[in-house]
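The values are calculated or read from the model by the stated rules, or taken from the named source; none is laboratory data. Here the structure is a predicted model, which is why all the values come from computation and not from measurement. In this analysis, Cβ positions are derived from the backbone assuming ideal geometry, glycine residues included, and neighbour counts consider all displayed protein chains.
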Amino acid sequence: MRALDAVLGAPGQAPASGAEFRALAETLRMSVGGGRGLRPRLVRASYAAFGGTDDALAGALADAVELLHTAFLVHDDVLDGDEVRRGRLNTIGAFRRRADHQGAEPTAAAAYGDAAGILAGDLALAGAVAAVGGLDVDAPARAELLALVLTSIRTTADGELADVHHGLGMRVPTLDEALATAENKTAAYTFRLPLVGGARLAGPLTPSTLARLELLARHLGLAFQLADDLDGVFGDPAVTGKSRLGDLREGKRTPLLCHASTTPSWARIAPLVGDPALDEDRAALVRTELEAAGSRRFVEDLAHRHLDDALRLADALGLADAVRDVLDLPSPAVVAAAS
């Protein structure tokens, strides 16, 4: 990936740096990609939908967006204290293990891993911004794309810090506050950046088109995050690849819990969530109460409404097939045949 090579140096070359940087660069390279590639696929789809024909140019922006995603993931692992991602050691875990093998004390090894995570995320962030600044486009397009990236970074930082603040446990945020946090954390860089960025790369956008793309991104972001919140509590780990205990142990103030906090079931839920030692038996009690409170159905219905609104907008923008493909949704013909 050229965006990464620009900040790390090309693979196989010996940069003017020491063993620590080389180890960090190797780990960061392993962190890029590996998921569904949702964001780069949306960049390419939006670019093509708005008449773009330069595959290399679209690929350069797609790589920058994916590198920005990597930066956020690495920093998110630091925030959450996670050592594993996608079934293998992440940057933090790799460097903690490195320190352990060198005989460091556990506290020092943990600090070393966190430092590596922060620095790796910084490098990925710098590489993403530099890649957008180096796109072969005219000056107005470059300025707008850079502004879009910087806005995405600011908005995501706002959402991440608000999420951590909600987790302090001083009070349960309102549903509107939780939805705003979810929108800032997810919609800004997962959907708004690739959809608007890909379209702008193809050519200037009218205010009306820009507004519709931003609304599409908002609906998709909320639907995506709400579905992820449900998977974090009710999903099958063999399918989702994520634990059903993590969010409950953390007491994460998702819209699911915010809705439950307004119901009589909260008196039975509140003592259980936020307990790092929560086991599967007690988590099952929480799930039962969330269903009895109507919270699961409420969030499912809300996610479906946002997705339906998104698909209507996507259809009007010529992006419905791309959105369905990226989100692995069945086509209308398949849905009709199954009805």
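Test L145 against the stated conditions and say whether it is outside the structural domain of L205 (by TED's automatic domain parsing), within 21 Å of V164 (Cβ to Cβ), in contact with a helix residue (DSSP H, G or I) (Cβ under 8 Å, 6 or more places away or on another chain) and aliphatic (A, V, I, L, M).
Values: outside the structural domain of L205 (by TED's automatic domain parsing): yes; within 21 Å of V164 (Cβ to Cβ): no; in contact with a helix residue (DSSP H, G or I) (Cβ under 8 Å, 6 or more places away or on another chain): yes; aliphatic (A, V, I, L, M): yes.
Answer is no for this residue.
Kindly evaluate L222 against the criterion of being at negative phi, in contact with a Leu (Cβ under 9 Å, 6 or more places away or on another chain), part of a helix (DSSP H, G or I) and touching a residue at least 40 places away in the same chain (Cβ under 8 Å). Walk me through how you get there before you give the answer.
Values: at negative phi: yes; in contact with a Leu (Cβ under 9 Å, 6 or more places away or on another chain): yes; part of a helix (DSSP H, G or I): yes; touching a residue at least 40 places away in the same chain (Cβ under 8 Å): yes.
For L222, the condition - at negative phi, in contact with a Leu (Cβ under 9 Å, 6 or more places away or on another chain), part of a helix (DSSP H, G or I) and touching a residue at least 40 places away in the same chain (Cβ under 8 Å) - is met.
Return the residue satisfying two criteria in turn: it lies in the range 91-109 and is assigned to a helix (DSSP H, G or I) and among the hydrophobic types (A, V, I, L, M, F, W, C), and of such residues it is surrounded by the fewest Cβ atoms within 10 Å (Cβ to Cβ). Spell out the reasoning first.
Taking the range 91-109 and keeping what is assigned to a helix (DSSP H, G or I), we get 91-101, 106-109.
Add one more test, that the residue is among the hydrophobic types (A, V, I, L, M, F, W, C), and what stays is 92, 94-95, 99, 108-109.
Numbers: I92: 27, A94: 22, F95: 27, A99: 19, A108: 14, A109: 19.
Only one residue fits best here, namely A108.
Sort through V149, V172, V137 and tell me the only one that's part of a helix (DSSP H, G or I) and at negative phi.
On the way: V172 fails: part of a helix (DSSP H, G or I); V137 fails: part of a helix (DSSP H, G or I).
Matching residue, one of V149, V172, V137: V149.
Look at the range 179-197 and say how many of its residues are more than 21 Å from L135 (Cα to Cα) and of a type in the set (V, I, T).
So the count comes out to 2.
Determine, yes or no, whether V32 is in contact with a helix residue (DSSP H, G or I) (Cβ under 9 Å, 6 or more places away or on another chain), surrounded by fewer than 21 Cβ atoms within 10 Å (Cβ to Cβ) and modelled with pLDDT under 95. Before the answer, list the steps.
Working: in contact with a helix residue (DSSP H, G or I) (Cβ under 9 Å, 6 or more places away or on another chain): yes; surrounded by fewer than 21 Cβ atoms within 10 Å (Cβ to Cβ): yes; modelled with pLDDT under 95: yes.
Criteria met by V32.
Please work out if G117 is more than 28 Å from A48 (Cβ to Cβ), not aliphatic (A, V, I, L, M) and not assigned by TED's automatic domain parsing to the domain that holds C258. Working first, answer last.
On the way: more than 28 Å from A48 (Cβ to Cβ): yes; not aliphatic (A, V, I, L, M): yes; not assigned by TED's automatic domain parsing to the domain that holds C258: yes.
Against the criterion (more than 28 Å from A48 (Cβ to Cβ), not aliphatic (A, V, I, L, M) and not assigned by TED's automatic domain parsing to the domain that holds C258), G117 qualifies.
Would you check if there is a residue in the range 261-282 being basic (K, R) and under 26 Å from the mean Cα position of the chain (by Cα)?
Of all residues in the range 261-282, those basic (K, R) come to 268, 282.
Now drop any that are not under 26 Å from the mean Cα position of the chain (by Cα), which leaves none.
There is no residue in the range 261-282 that is basic (K, R) and under 26 Å from the mean Cα position of the chain (by Cα).
Can you pull out the residues in the range 191-204 that are in contact with a helix residue (DSSP H, G or I) (Cβ under 6 Å, 6 or more places away or on another chain) and farther than 12 Å from A310 by Cβ? Working first, answer last.
Quick first cut of the range 191-204, residues in contact with a helix residue (DSSP H, G or I) (Cβ under 6 Å, 6 or more places away or on another chain) only: 191-202.
Once the filter is applied, which keeps residues that are in contact with a helix residue (DSSP H, G or I) (Cβ under 6 Å, 6 or more places away or on another chain) and farther than 12 Å from A310 by Cβ, the range 191-204 yields R192, L193, P194, V196, G197, G198, A199, R200, L201, A202.
Consider the range 240-249. How many of its residues are assigned to a helix (DSSP H, G or I) and more than 18 Å from the chain's Cα centre (by Cα)?
Within the range 240-249, residues that are assigned to a helix (DSSP H, G or I) and more than 18 Å from the chain's Cα centre (by Cα) number 2.
In a helix (DSSP H, G or I) and either modelled with pLDDT under 95 or surrounded by fewer than 22 Cβ atoms within 10 Å (Cβ to Cβ) (or both): which single residue out of A199, A211 fits that description?
Details: A199 fails: either modelled with pLDDT under 95 or surrounded by fewer than 22 Cβ atoms within 10 Å (Cβ to Cβ) (or both).
On inspection, the qualifying residue turns out to be A211.
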